[in-house]
Amino acid sequence: MDPQETLPLDPEALIGLWEFLMAEGALLWRQAMRPWTSYQIGIIVTVFLLAWGLRALIRPRYSDWLRSRENWPKWRLRIGLIVQRRMRMILFVAMIWVAYLVMKELTWTYRSLLLRVAANLSTAWLFIAFATRLIANPALGVAVRYGAWTWATLSILGWTDEAESTLESVAITMGETRLSLWLIIKAVVVMAVLLAMARLMAGASAASIRRNTAISPSMQVLAVKVLQVILFGSAFFIALKSVGVDLTGLAVLSGAIGVGLGFGLQKVVSNLVSGIIILLDKSIKPGDVISLGETFGWIESLGARYVSVVTRDGKEFLIPNEDLITGQVVNWSHSNDFVRLDIHFGTSYQDDPHEVRRIAIAAAQSVNRVLSHKPPVCHIIGFGDSSVDYVLRFWITDPTGGLTNIRGNVFLALWDAFQANGISIPFPQREVRVLKDAETAAPIMD
């Protein structure tokens, strides 16, 4: 057996890479020693120093001018900031192109070749720097920026074929599978591009779905999530297929992973399925006001594993989807926004019940959130030990505004109305009488 076959990494590939780098370095050194090359290098350094000095002079004035643009839209201000940060490169690109065009007219073409390369490289780098600023994720933006700079440099210098063959020779062999460095880089780039396109398409489609008022909020969430799964899944598998990865083994692996998930992640899978059921049956949707146990609040968002419920005191509860399926949930705004609230109170037996009912209804109607087209009602529900007992019922349409505060406002209106009309609210009283002719307790016998 060949000893090299037992090694996953081919040592000849590393030797070839080293020889390629040394040969290119020697070629660059010989080119740099030529007289006209030295002159061009001096011109490039001079242009760079001029760009540095002009940036120091222009940037403070430009910064003050940019701060005065208060009415500009955000995207224009963002471009202005990018120009401010890349001002030195912009000045360098402009002046190096002027120097190259002047040298091209004054002397032979080969005496301005290095200036042309520098102008092309700096222009490509400047364009990539501007383009990658549009990427929201900072880490992804840095990776794309340096990757694009490397590819642009190799393309302008004409080293793409040599770099590709060198990266292809650096490979790891595992059985019949050969995984080269070029294949890994190509897979990462293709997958990053496809995932970025899928993200843009998903964002645009989600915005269009949310603007469609004919679709219920729960179905909007379901449609957006299904669309995201389809787009990102398609991008992942297309990227693997485009670089030559065999998906047969991946299908077998995914089946084994599915079996493991079924046994080890039952709760997670149950929450995922429960989330889909919630979206399909439209039992709850974003904006609904629900009560689950001691938790009362409105639904902020529907997730794949949990539902976010925000309470009146600002707490955000992440309730598993399974609890909403198996537990008893009070949805205050499921079919409509009407919510009826009851208030119990009592008055003295000396007060006219007809007058008490009229005053209570008028007091409830004076509160802002109480509906007037569904007027409050007041009924006698019993004769207690110390008072005549009543129930006051009224309707609201904004449970997200709170229930305790509206009850408190109605109680306060009742208090003011009863005080103004002489209605008394009794409290339990007990009278103890001592009888003088009570028999003396029998003596205790030994």
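The values are calculated or read from the model by the stated rules, or taken from the named source; none is laboratory data. Note that the structure is predicted; figures quoted are calculated from it, not measured. Heads up, the Cβs are rebuilt from the backbone with ideal geometry, glycines too, and the neighbour counts pull from every protein chain shown.
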When residues of segment 332-362 are limited to those that are within 30 Å of the chain's Cα centre (by Cα) and surrounded by 17 or more Cβ atoms within 10 Å (Cβ to Cβ), the one nearest to ALA413 (Cα to Cα): TRP332
All positions within segment 313-331 that are among the aliphatic types (A, V, I, L, M) and within 20 Å of the chain's Cα centre (by Cα): LEU318, ILE319
Matching entry among ALA13, ALA26 (being part of a helix (DSSP H, G or I), under 30 Å from SER112 (Cα atoms) and modelled with pLDDT under 80): ALA26
Pairs, first farther than 14 Å from ILE90 by Cβ in segment 40-61, second in a helix (DSSP H, G or I), C-beta under 6 Å, six or more apart: GLN40/LEU114; GLN40/LEU115; ILE43/ALA99; ILE44/ALA118
Sole exception among (1) farther than 24 Å from ILE44 by Cβ; (2) at pLDDT below 75 for TYR110, by number: (1)
Within segment 180-223, considering residues that are exposed (fewer than 14 other Cβ atoms within 10 Å of the Cβ) and over 30 Å from SER283 (Cα atoms), the one modelled with the lowest pLDDT: VAL193
Counted residues, segment 98-118 - those being over 43 Å from the mean Cα position of the chain (by Cα) and buried (at least 18 other Cβ atoms within 10 Å of the Cβ): 7
Segment 348-381, subset of a type outside the set (A, V, I, L, M) and touching a strand residue (DSSP E or B) at 6+ places or on another chain (Cβ under 7 Å), residue nearest to LEU392 (Cα to Cα): CYS378
Residue within segment 387-404 that is in a loop (DSSP other than H, G, I, E, B), under 20 Å from ARG312 (Cβ atoms) and among the charged types (D, E, K, R) present: yes
Pairs where the first residue, in segment 121-134, is outside the structural domain of ILE44 (by TED's automatic domain parsing) and the second is assigned to a helix (DSSP H, G or I) and of a type in the set (Val, Ile, Thr), C-beta under 8 Å, 6+ apart: none
Hits in segment 363-374 - residues which are of a type outside the set (Lys, Arg) and either surrounded by 13 or more Cβ atoms within 10 Å (Cβ to Cβ) or touching a helix residue (DSSP H, G or I) at 6+ places or on another chain (Cβ under 6 Å) (or both): ALA363, ALA364, GLN365, SER366, VAL367, VAL370, LEU371
Filter result for PHE92 (under 24 Å from ILE43 (Cα atoms), at pLDDT 70 or above and within 29 Å of the chain's Cα centre (by Cα)): no
From the options LEU435, LEU392, LEU412, LEU403, residue that is loosely packed, with under 13 Cβ neighbours inside 10 Å and either in contact with a strand residue (DSSP E or B) (Cβ under 8 Å, 6 or more places away or on another chain) or modelled with pLDDT of 85 or more (or both): LEU412
Near pairs, Cβ below 6 angstrom, 6+ apart or cross-chain, from segment 186-209 (under 19 Å from VAL224 (Cβ atoms) and outside the structural domain of ALA139 (by TED's automatic domain parsing)) to any residue that is surrounded by 14 or more Cβ atoms within 10 Å (Cβ to Cβ) and not hydrophobic (A, V, I, L, M, F, W, C): ALA202/GLN228; ILE209/GLN220
Test for VAL226: is it modelled with pLDDT of 70 or more and surrounded by 13 or more Cβ atoms within 10 Å (Cβ to Cβ): no
Boolean, ALA119 is under 30 Å from GLN40 (Cα atoms), assigned to a helix (DSSP H, G or I), at pLDDT 70 or above and of a type in the set (Gly, Ala, Ser): yes
